[in-house]
Amino acid sequence: MNAVVVNLYISPDEYQRWYQGSAQSVLAQTVDGRSVRFPAPILRQFVTREGIRGRFRIHFDADNRFKNIEKID
């Protein structure tokens, strides 16, 4: 798994819980049906007043550790 694509729709209140530390990771379903868990702080740069909305590509290294994330729509 080098990269996955996920559609995220996270409300501002839900992300605030992650930001405050009550949740450390996000569990999401990829567009091809797999489950992926990644650190919540990687989404910080994409937070707006509406929360986090959009399609993202998340890249992992050979050990399945997070490398980077990009918004693709």
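The values are calculated or read from the model by the stated rules, or taken from the named source; none is laboratory data. It should be emphasised that the depicted structure is a prediction, and the values quoted were computed from it without experimental measurement. Note: ideal-geometry Cβ built from the backbone for every residue, glycine included; neighbour counts use all protein chains shown. Accessible surface areas use protein heavy atoms only, side chains included; no ligands, DNA or RNA. Shrake-Rupley method; radii C 1.70, N 1.55, O 1.52, S 1.80 Å.
Among the residues of region 53-66, the one identified as of a type in the set (Gly, Ala, Ser) and surrounded by 10 or more Cβ atoms within 10 Å (Cβ to Cβ) is 54. Would you check if residue 73 is open to solvent by 90 Å² or more (accessible area, probe 1.4 Å) and either out of contact with any helix residue (DSSP H, G or I) (no Cβ under 9 Å at 6 or more places or on another chain) or modelled with pLDDT under 90 (or both)? Criteria met by residue 73. Close Cβ contacts (under 7 Å, 6 or more residues apart or on different chains) running from residues in region 51-72 that are more than 13 Å from residue 5 (Cα to Cα) to residues that are open to solvent by 90 Å² or more (accessible area, probe 1.4 Å) and hydrophobic (A, V, I, L, M, F, W, C) comprise 64/1.
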